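The values are calculated or read from the model by the stated rules, or taken from the named source; none is laboratory data. These numbers come from a predicted model, not from an experiment. Note that we place each Cβ from the backbone using ideal geometry, even for glycine, and neighbour counts take in every protein chain shown. Areas reflect the complete protein model, heavy atoms only, side chains present, ligands, DNA and RNA absent. Shrake-Rupley method; radii C 1.70, N 1.55, O 1.52, S 1.80 Å.
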Amino acid sequence: MKEPGGDDGGGRGAPPLGDMDAEEFRRHGRALVDWIADYFARVEELPVLARVKPGELIAKLPAAPPDEGEPMSEILADVDKLIVPALTHWSHPSFFAYFATSTSAPGIFAEMLSAAFDVKALLWRAAPAAQELEEVALSWLRQMIGLPENFSGIIYDTASVSTLHALAAARESLNLRVREDGLSGRSDVPPLRVYTSEQAHSSVEKCVLTLGLGQSSLRKIPTDAEFRMDARALARAVAEDRHEGALPFCVVATVGTTSTSSIDPVPEIAEVCERARLWLHVDAAYAGSAAVVPELRHVLAGCERADSLTLNPHKWLFTPFDLSVLYTRRMGELHRAFSLVPEYLRTLEEGRGDVRNHSEYGVQLGRRFRALKLWMVIRYFGRDGLAARIREHCRLARLFSSWVEAAPDWELLAPVPLALVCFRAASAARAGETNEQRDARLDALNEQIMHAVNAGGEAFLSHTKLDGRFTLRLSVGNIRTTERHVARVWQLLRDARARLVSAADGV
Ligand code: PLP
């Protein structure tokens, strides 16, 4: 990292006491902001996928900490030399793996400020700005995605944790005295049941594990040909469990599944939940942000009937990791599940209807000032600016999928409702080849294509399995991705296929 004006004046580390002095802070800070601006300008030249081997970075770093402080210029130089080569660059415009996500300039500035303020938002008085800005930013976001006013929100780190809190609140709503007596050794509590689709994110299962409900309490409901939960199968499963003496209490529907971005039929699922009096939680971690685009608002159809919903601005709302939001119509249940205020945290504001201590709504006591970055991102881009970027990502995904559809030797494996394309290199069965043999051949070919493209360093894709078939996934979600990047990865995929096919003499 280049330091204007040489090193930090004598190659010293920290002063004997106290923090870095203001002048030095300014100098390194300016250099760092320049470095970040340069990083964004040159990130495209770096290999997207890290080219290090496991353990390589560890081997390059001292095993023991330094006794004496080191000059900041040397520390920052090591960021260049050691850390950057060991990064997979999520900020690269050709990062198409998993769900491609994106930080942004206002979000980075907010993270700097948040680190400077370093508040622990445990109580309103410990951080009034953090508590109140969270309410304001989440009200703005709620309006932007069209959820009604009776939903209020709270920020957690990740969707896994948001869903965990939703499930805990759902369990609390059963009035089984789980908070007081727990579940172990109780003969008065029937086996509890949670339902989600076979395509739901693994975090739902982890939540069930964490809450001590056991994996057997989770029923995975089959999906239709487009990977959406079958609401009739859900109704049957609930009735069956009731009949067998279990206690169904919660359904987790997904709006934007991880493998394909399929959207469960929330209105039909809500119908089942209302009839059976089950808590409906919607995992809209990925696709919830799409509802900011007026013509995509329909992705959240029926969600106004949900008890809770999670969405991740750190996925597709240009907010740096981490920031997940839980909206619920039943904040009281969340409060009942988690509020515990020891004497040393009692304050004058307690009991005031206009003061909400967020630490009473979750596991954590101290909370980061995450709302700042969401507020700054929304202000900087505006509702229309955010919508324009998400709309463009969807256009790029549709464009890519149109190329796949038009190519005789490639095929789409799932609909493309948003900005994720599931596809593979295809080919007709050869003479004497069964369908299974053909699928095994195509699985191997597609896996090789993916590895070849990823090894090239220009782009990074990931995969899933759909109906047992190896499926390539192209997720458009980075703020820097343009049509040029999407066209280039299409070219890379076709070149890789051509090379592999000719090397194998006609795979
Ligand atoms: N839900 C869905 C649909 C996801 O795609 C993901 C991650 O990709 C998660 C939940 C978990 O997200 P997090 O990393 O915020 O826990």
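Report note on the peptides 286-298, 392-404: ranked by the mean count of other C-beta atoms within 10 Å, highest first, their order is 286-298, 392-404.
Near the amide H of Ile221, within less than 5 Å, lie the amide hydrogens of Thr196, Ser197, Glu198, all on another chain or at least 5 residues away, with H placed in the peptide plane.
Working value for segment 58-171: equivalent-ellipsoid semi-axes of 36, 21, 16 Å, each the square root of 5 times a Cα gyration tensor eigenvalue, largest first.
All other residues whose Cβ lies under 12 angstrom from that of Val208 are scored, Lys and Arg at +1 and Asp and Glu at -1, for a net of +4. In order along segment 418-425, phi translates into HN-Hα couplings of 9, 10, 10, 10, 10, 7, 7, 6 Hz, rounded to whole numbers, per the Karplus curve 6.51 cos²θ - 1.76 cosθ + 1.60 with θ = phi - 60° and x for Gly and Pro. Taking a sphere under 11 Å around the Cβ of Asp495 and counting the other residues whose Cβ falls inside, with K and R at +1 and D and E at -1, yields a net charge of +3. The HN-Hα couplings worked out from phi for segment 88-98 by the Karplus form 6.51 cos²θ - 1.76 cosθ + 1.60 (θ = phi - 60°) are 8, 8, 5, 8, 6, x, 9, 7, 10, 7, 6 Hz, whole numbers, x standing for Gly and Pro. Across the chain, Cα pairs under 8 Å and at least six residues apart give a relative contact order of 20 percent.
Amide H contacts under 5 Å for Leu247: Leu192, Arg193, restricted to partners 5 or more places along the chain or on a different chain, H placed in the peptide plane at 1.01 Å from N.
The residues Leu122, Leu87, Leu300, sorted by heavy-atom accessible surface at 1.4 Å with ligands and nucleic acids left out, run Leu87, Leu122, Leu300 from largest to smallest. For the pair segment 410-439 and segment 115-148, the centres of their Cα atoms are 46 angstrom apart.
Taken per residue, the accessible surface of segment 376-507 reaches 45 Å², heavy atoms only and a 1.4 Å probe.
Assuming a strict under-21 Å limit between Cα atoms, what lysine pair count do you get for the chain once near-sequence pairs (fewer than 8 apart, same chain) are dropped? So the count works out to 9. Solvent-accessible surface of segment 1-123, taken per residue with a 1.4 Å probe and all protein chains present: 61 Å². If I ignore ligands, DNA and RNA and count only protein heavy atoms, how much of Leu493 is accessible to a 1.4 Å probe, in Å² to the nearest 10? Accessible surface of Leu493 is approximately 0 Å².
Peptides 64-71, 447-454 ranked from most to least packed give 447-454, 64-71, packing being the mean of other C-beta atoms within 10 angstrom over each peptide's residues.
Near Arg383, once Lys and Arg are set to +1 and Asp and Glu to -1 for all other residues with Cβ below 13 Å from its Cβ, the sum equals +4. Based on alpha carbons, the Rg and Dmax found for the chain are 25.2, 81 Å. With no solvent and one point per C-alpha, what does the Debye sum give as log10 I(q)/I(0) for segment 1-118 at q = 0.12, 0.14, 0.17 Å⁻¹? Those come out to -0.57, -0.78, -1.10, one per q. When peptides 180-187, 495-502, 432-439, 375-382 are sorted by average Cβ neighbour count within 10 Å, with the highest value leading, the order is 375-382, 495-502, 432-439, 180-187. Taking amide H atoms as placed 1.01 Å from N in the peptide plane, list the residues 5 or more away in sequence, or in a different chain, whose amide H sits under 5 Å from that of Ala50. Here Thr88, His89 satisfy the definition.
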